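Worksheet for the structure shown next.
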Amino acid sequence: MEIFHLRYFVAVAEHLSFSRAARDLHMATSPLSQRVRDLERELGQKLFDRDSHHVALSPAGRALLPVAKDVLGRFDDIPWRLRRETGPQRRAVYVGVPPALHPRMRERLTRLEERCAGEFDVKRWPGKSGNLLNAVQRGDLAMALVHLPVHAEGIEVVELLHEPLGAVLPAADFPGRTSVSLSELTDYTYVCSAPGTLPTYFEQIKVRLKAAGINKEITLNIGDYASVAEMMANGSTFGITLLERENNANTYGNDANAVLPFKDFSPSLATGLIWRRDRGEPDGDLHVLVREAQCTLPDESGSD
């Protein structure tokens, strides 16, 4: 049995889907399925009940899952535990940063880097929120700024900032308007960028739009804001974007488009700080960094 067998088993157990687990592991489904079967043969136990439409943990699989997670956690902790015991007094730590992070958060992150410079060399690591969460769980990242919601065992979450969202619309359809209601958009098509390019919160927005009677949707296969903005200019479509002009992700506002708040809907994108609970405890290797981050990163502008 190799460590990757356990990692593959846990991925399938958490997703209850070989195809979704394979995507997360950046591999094909067929070799993933084969490796799980190899593990089942070695253990002499059936770990999954599966057919062409359904995957479920067997009793043996349910018993193995917490054991496998514990083993993987200890294995993934080896690098940072070794660095903790043998590394220099001032050591490098990586903080995850998601796309379109608010400029105020970037400023506060710079302040954190300065405050901790005597003990930590704080470096930034860009990535999508889901990938950053996984890296924090593995111990590759000390902590991360991510778009919420985040729910994961052993992970502490502190909300830092809420940014209001609004509708980006064809300007010609809403001249002189200062707001828009969902009921006015039932004949419009909601346009969003490619799957995986938006925070998971946007899935909740889709549910709210459907509840308001907005059932038409287009999902593009690209994730840049400019391409979505071009769709707005065609008319009969709308998107969701940040309202604050200072945030550099809001590139929709131009002559052809208007960005308006909702009258009857108050969506907001939350940014939070996450870290592993055990590493932030008083005897953890990141206690000082976590304490400083909790003092430095919370937003005081009133945006949340």
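Quick notes on this structure:
- Cβ crowding within 10 Å ranks Glu2, Glu153 as Glu153, Glu2, fewest other Cβ atoms first.
- Lysines with Cα under 30 Å of Lys46, excluding same-chain neighbours fewer than 8 positions away: Lys69
- Förster-model FRET efficiency, 25 Å R0, Ile3 and Arg23, C-beta, rounded to 0.05: 0.75
- From the coordinates shown, Rg and Dmax of the Cα atoms in Å corresponds to which of [x] 22.6, 70; [y] 21.3, 74; [z] 24.4, 77: [x]
- Extension gain, Arg81 to Arg41: 0.36 nm times the residue separation minus the Cα-Cα distance gives 11.1 nm.
- Packing order of peptides 278-284, 96-102, 15-21, highest average first: 96-102, 15-21, 278-284 (average count of other Cβ atoms within 10 Å over each peptide's residues).
- Using a Förster distance of 41 Å, the FRET efficiency for Glu281-Asp173 (Cβ separation, nearest 0.05): 0.15
- Its alpha carbons considered, segment 23-110 gives a radius of gyration followed by a Dmax of 20.1, 55 Å.
- Ratio Rg/Rh [Cα only; Rh per Kirkwood] for segment 162-204: 0.99
- Rg in Å to one decimal, and Dmax rounded to a whole Å, for segment 81-130 via C-alpha atoms: 12.7, 36
- Cleavage-rule hits, trypsin sites (Lys or Arg not before Pro), segment 68-121, DSSP coil, Cβ neighbours within 10 Å at most 12: Arg90
- Descending by average beta-carbon neighbour count within 10 Å, the peptides 160-170, 26-36 line up as 160-170, 26-36, the highest first.
- For the chain, share of DSSP beta bridges that run antiparallel, in % to the nearest 5: 65
- According to the Kirkwood relation over distinct C-alpha pairs, the hydrodynamic radius of segment 128-193 is 15.5 Å.
- Spatially proximal aspartates and glutamates relative to Lys123 (Cα-Cα < 18 Å; intrachain offsets below 8 disregarded): Glu107, Glu113, Glu114, Asp140, Asp285, Glu292
- Under Stokes-Einstein, with the Kirkwood radius over Cα pairs as Rh, the value for segment 1-56 at 10 °C and 1.306 mPa s is 143 µm²/s.
- With helices as the sole contributors, the chain gives -12500 deg cm²/dmol at 222 nm; each DSSP H run of n ≥ 4 counts as -39500 (n - 2.57), and the sum is divided by every residue.
- Extension gain for His151 to Ile218 (0.36 nm times residue separation, less C-alpha to C-alpha distance): 21.3 nm.
Coordinate-derived values only; no laboratory data. Quick caveat, the model's predicted, so the values are computed rather than measured. Every residue, glycine as well, gets a Cβ built from its backbone with ideal geometry; the counts of neighbours run over all protein chains shown.
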